[in-house]
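The structure under discussion appears below in the form of structure tokens.
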Amino acid sequence: MATATGTKLFGAAIKRREDPRFISGRGQYVDDVKLPGMTSAAFVRSPHAHATIKSINSVEAKSMPGVVAVYTAHDVKVGGLPCGWMLPGIKVPTRPVLASGKVRYVGEPVAIVIGETPYAAKDGAEAVQVEYGPLSGVSDAKRAHEKGAPQLFDDISQNQCFYWTIGDKAATEAAFKSAARVVSQPIRNQRLIPNAIEPRACVASYSPGTGELTLWVTSQNPHVHRLLMAAFVLGIPETKMRVISPDVGGGFGSKIFVYNEEVVASWASKALGRPVKWTAERRESFLNDAHGRDHVTEAEMALDGNGKILGLRVKTHANLGAYLSTFAPLIPSYLYGPLLSGVYKIPAIFCEVWGMLTNTAPVDAYRGAGRPEATYLLERMMDRAAGELRVDPAELRRRNLIPPFTGGTPYQTPVAFAYDSGNYEPALNRALELAGYAQMRKEQAEGRKQGRYIGLGVTTYIEACGPAPSAVAGSLGAGAGLWESGLVRVHPSGAVAVYTGSHSHGQGHETTFAQLVADQLGIPMEQIEIVHGDTGQIPFGMGTYGSRSACVGGSAIVKSLDKIKEKGRKIAAHLLEANENDLVFEGGKWAVKGSPDRAKTWGEVALMAYLAHNIPQGMEPGLEATSFYDPSNFTFPFGAHVAVVDVDPDTGQTKLLKYVAVDDVGRVINPMIVDGMVHGGIAQGVGQALWEHGVYSEEGQLLSATMMDYAMPKADQLPSYVTDRTVTPSPINPLGVKGAGETGTIAATPTVVNAVLDALAPFGVAHLDMPLTPEKIWKAVKAAKK
């Protein structure tokens, strides 16, 4: 449908409506909240990775000017931070909001100091004296599993909180026995530290008169935050807690979870009867935000004599940190193992995962969450196999692609997932074409004769987005549903307010959702308001993560629009004294077929719905609808990426010359916004491949705790990307859309690593673990020359 002006908005590259307020400094973030009598909080954090707490002396801190209060675990009597995903046989350690008796990672909060100003609170925190008894620590997941390793909890043997498998072990063993060639490779997917431009923050305000708690917090899912905090930690009715997540400056998964700071600040506000604000400093973010990735894996691939994959065998030790964060068990299990088939026809797969506790910050979802780890493993194994078989990497992928399936019948993998729709070869062909792959291979050969080492990297990937359905997720251990809500309220003037349970923190929902509504109703986008992020206004919803907003949240909105239009049709038919089946809705009005002059506009119908002077007998006044949409399956976007790099073996420097991304995310609501998501995702993926690494010492000291030590990608290190798309609509949802927010991150990491190792192939360097820093490359080349 088009708007009244005839313009089709679905598929239009419209600039984001929210950007003017952001670029002009008028955004409203948590740290902008100012309340009468508001205090500031600072946290005393452990400098030790593992130690007993012998004593805490806060006498001096309490006597300092401007210090209002100091609280420790002795004072703050609340529940532990919850883990929202269970696995069979899992052992979940209690995670106190303030350390009690023992600290288990550097940065763990030990006490909170409340001050009249941020400076008074920080001065007070520095004056709190904590006596520790240092203990041995362990930071590596595999070493934590060894006998004799330091134990984090007495009741969790060998630091193993779960063991999980997927696939047919017997079939996989048989595949390996029949293989013509077996390729093996240890693979380490290093720890990453999220660095959203806005740090985490909260403002808690308790009203003694009503007993209500209002929490402004940097959350990707305010209703989930409210549920977990109220019911499981603070022990108060949900109806007495309101969570507001206003403008949020990026999340990448790290703002899904319930953290210590917002719980303790909420408790302190009630204890003091005053609002309490806390905003993280960047170093605190490094120490206590949930980290990502950190897998140590042994992978084996079995192939026949023609280069067809017969089987894949994977053993992974997943580092979960010192405690289980909100959805930590999910990431290296059901978001990892089921993705190991990729876009390839692999008859047999068996994956084992050991979930390990270490003296490090907790690990949870980070952009892609399990999917990047699986894709990196599989795509590195494809390149290793291509090298051993002496087959071009693109050709080996082509030989193993799943044939097209677009007629509504899903493709069943051997590891649980049934892909919704796919046509993988056109994306690969287009990416190779845009990269000038054949010509670049010729230039590569010529360059090597002259001592120049160009590398080409290829990745064909798949992603699982919009986790669903809720019933299946519940049977697999989910502590929450995976549906989404959408309330559409039409005002008497015809203006529309949309209340969505999805949350926007950079995705552009205020634009894309408005495009959807304007297209469906035939009204200008200016008449549409998108409301999100406030549990006091929106229906209960699950928030934003896993590239779910369009396919799940958007579908809930469309379901409500269908209900609105159906009621509007009945009112229009009544006003026109026509049969409702004879009406067509187009351009913002209902008209009688064949008599376009007999019509009622959207505004006329909306007004009558509220006047109720002349509506069908028995019909309720008003014009609004709420829907809850629970998908029957994930959606599965896919694509092919190609990178071209130039590696200097004398310095180890890598220059990214070209990057091509061809993605298939189903139907696209706003190409400009999708391109922006892909661009940002590529930057993060390249960052992991070449620079980023959350480095801990063996005993658990974080060595990369500042921007001086944690190397983020810079604009001048990245080329202008070439992006394109194929379109394979999803049959799962009414919009035909698939997720788009994480594709770049998932594909870019293996693409760039494959390119660098392709450049180093003449030196006999078959594999290096990330990040591929100049020092690491230089050392590898030097060792190969000996």
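The values are calculated or read from the model by the stated rules, or taken from the named source; none is laboratory data. Note that this is a predicted model, so its numbers are computed, not measured. Positions of Cβ are backbone-derived with ideal geometry, glycine not excepted, and every protein chain shown enters the neighbour counts. These accessible areas exclude ligands, DNA and RNA; they are computed on the full protein's heavy atoms, side chains included. Shrake-Rupley method; radii C 1.70, N 1.55, O 1.52, S 1.80 Å.
Summary table below
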read-out	value
Unmet criterion (only one of (1) open to solvent by 10 Å² or more (accessible area, probe 1.4 Å); (2) within 20 Å of residue 695 (Cα to Cα)) for residue 347	(2)
Among the candidates 674, 686, residue that is farther than 30 Å from residue 525 by Cα, at pLDDT 95 or above, part of a helix (DSSP H, G or I) and aliphatic (A, V, I, L, M)	686
The stretch 375-397, residues that are of a type in the set (A, V, I, L, M) and either open to solvent by 10 Å² or more (accessible area, probe 1.4 Å) or within 26 Å of the chain's Cα centre (by Cα) (or both)	377, 378, 381, 382, 389, 391
In the stretch 692-727, the residues that are of a type outside the set (A, V, I, L, M), open to solvent by 50 Å² or more (accessible area, probe 1.4 Å) and either assigned to a loop (DSSP other than H, G, I, E, B) or closer than 17 Å to residue 196 by Cβ (or both)	693, 698, 699, 701, 709, 714, 720
Residue match in the stretch 379-389 (condition: at pLDDT 95 or above and assigned to a loop (DSSP other than H, G, I, E, B))	no
Residue ID - farthest from the chain's Cα centre (by Cα), chosen from residues in the stretch 572-611 that are at positive phi and open to solvent by 40 Å² or more (accessible area, probe 1.4 Å)	577
Residue in the stretch 461-480 that is open to solvent by 10 Å² or more (accessible area, probe 1.4 Å) and farther than 20 Å from residue 630 by Cα present	no
Those residues of the stretch 557-571 which are open to solvent by less than 40 Å² (accessible area, probe 1.4 Å) and over 18 Å from residue 515 (Cβ atoms), in sequence order	568, 571
Near pairs, Cβ below 8 angstrom, 6+ apart or cross-chain, from the stretch 771-786 (on the phi < 0 side of the Ramachandran plot) to any residue that is surrounded by fewer than 18 Cβ atoms within 10 Å (Cβ to Cβ) and among the hydroxyl-bearing types (Ser, Thr, Tyr)	774/651; 778/651
Sole exception among (1) touching a residue at least 60 places away in the same chain (Cβ under 8 Å); (2) surrounded by fewer than 24 Cβ atoms within 10 Å (Cβ to Cβ) for residue 112, by number	(2)
Close pairs (7 angstrom Cβ cut-off, 6 or more residues apart or separate chains): within 16 Å of residue 677 (Cβ to Cβ) in the stretch 4-15, at pLDDT 95 or above and of a type in the set (Ser, Thr, Tyr) anywhere	14/511
Cβ-Cβ under 6 Å pairs, at least 6 apart or on other chains, the stretch 512-530 side free of Cβ contacts under 8 Å to residues at least 40 places away in the same chain and within 13 Å of residue 500 (Cα to Cα), far side open to solvent by 10 Å² or more (accessible area, probe 1.4 Å) and of a type outside the set (Lys, Arg)	530/510
Residue list for the stretch 67-79, restricted to those being open to solvent by less than 30 Å² (accessible area, probe 1.4 Å) and either closer than 17 Å to residue 102 by Cα or not in a strand (DSSP E or B) (or both)	72, 73, 76, 79
Hey, residue 130 open to solvent by less than 60 Å² (accessible area, probe 1.4 Å), within 27 Å of residue 694 (Cβ to Cβ), in a loop (DSSP other than H, G, I, E, B) and modelled with pLDDT of 95 or more or not	no
Lone qualifier among 262, 300, 352, 284 - being touching a residue at least 24 places away in the same chain (Cβ under 8 Å), open to solvent by less than 10 Å² (accessible area, probe 1.4 Å) and of a type in the set (Asp, Glu)	262
Residue check, residue 497 touching a Lys or Arg at 6+ places or on another chain (Cβ under 7 Å) and within 30 Å of residue 168 (Cβ to Cβ)	no
Positions within the stretch 734-776 being within 22 Å of residue 440 (Cα to Cα), open to solvent by less than 20 Å² (accessible area, probe 1.4 Å) and in a helix (DSSP H, G or I), in sequence order	747, 748, 749, 750, 751, 752, 753, 754, 755, 756, 757, 759
Flag if residue 34 is open to solvent by 60 Å² or more (accessible area, probe 1.4 Å), in a loop (DSSP other than H, G, I, E, B) and out of contact with any Cys (no Cβ under 8 Å at 6 or more places or on another chain)	yes
Residue check for residue 418: farther than 18 Å from residue 659 by Cβ, more than 31 Å from the chain's Cα centre (by Cα) and open to solvent by less than 70 Å² (accessible area, probe 1.4 Å)	no
Selection count where residues are in contact with a strand residue (DSSP E or B) (Cβ under 6 Å, 6 or more places away or on another chain), hydrophobic (A, V, I, L, M, F, W, C), open to solvent by less than 30 Å² (accessible area, probe 1.4 Å) and not in a strand (DSSP E or B), scope the stretch 158-203	4
Cβ pairs under 8 Å, 6+ apart, first in the stretch 223-240 and among the β-branched types (Val, Ile, Thr), second part of a helix (DSSP H, G or I)	233/263; 236/230
Top-ranked residue of the stretch 421-449 - restricted to ones that are among the hydrophobic types (A, V, I, L, M, F, W, C) and surrounded by fewer than 15 Cβ atoms within 10 Å (Cβ to Cβ), ranked as farthest from the chain's Cα centre (by Cα)	445
Any hit, the stretch 398-407, residues being surrounded by 21 or more Cβ atoms within 10 Å (Cβ to Cβ), modelled with pLDDT of 95 or more and either part of a helix (DSSP H, G or I) or aromatic (Phe, Trp, Tyr) (or both)	no
Count of residues meeting criterion [part of a strand (DSSP E or B), aliphatic (A, V, I, L, M) and over 18 Å from residue 32 (Cβ atoms)] in the stretch 246-302	4
Some residue of the stretch 144-157 being over 27 Å from residue 265 (Cα atoms), free of Cβ contacts under 8 Å to residues at least 60 places away in the same chain and not in a loop (DSSP other than H, G, I, E, B)	yes
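Conditions tested, residue by residue: (1) modelled with pLDDT of 95 or more; (2) of a type outside the set (D, E, K, R); (3) open to solvent by less than 40 Å² (accessible area, probe 1.4 Å); (4) part of a strand (DSSP E or B).
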position: 621; (1), (2), (3), (4): yes, yes, no, no
position: 625; (1), (2), (3), (4): yes, yes, yes, yes
position: 632; (1), (2), (3), (4): yes, yes, no, no
position: 644; (1), (2), (3), (4): yes, yes, yes, yes
position: 652; (1), (2), (3), (4): yes, yes, yes, no
position: 660; (1), (2), (3), (4): yes, yes, yes, yes
